[in-house]
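We did not get these values from a lab; they are worked out from the coordinates using the rules stated. All values reported here derive from a predicted model rather than from experimental measurement. Neighbour counts are summed over all protein chains in view; Cβ atoms, including those assigned to glycine, are modelled from backbone coordinates with ideal geometry.
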């Protein structure tokens, strides 16, 4: 760790949790963005039509 980071976390060890949460959020965000960017046009078109497809009627009992 750099000197600045060690001084920053020396103030309170609880400051580590928000940083870990931010890194976790950023990692998940990047994974989602990469998956969307690598998605084929056909798959994106299929996913775009999902809300518009008619649902099968389920009889109520």
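Can you tell me the alpha carbon radius of gyration of the chain divided by the globular rule-of-thumb value 2.2 N^0.38 Å?
2.12
From the helices alone, meaning DSSP H stretches of at least four residues, give me the mean residue ellipticity at 222 nm for the chain, per-run term -39500 (n - 2.57), in deg cm²/dmol to the nearest 500.
Calculated at 222 nm, the ellipticity per residue is -21500 deg cm²/dmol.
Evaluate E = 1/(1 + (r/R0)^6) for residue 52 and residue 32, where r is the Cβ-Cβ distance and R0 equals 30 Å; express this FRET efficiency to the nearest 0.05.
Computed FRET efficiency for residue 52 and residue 32: 0.85.
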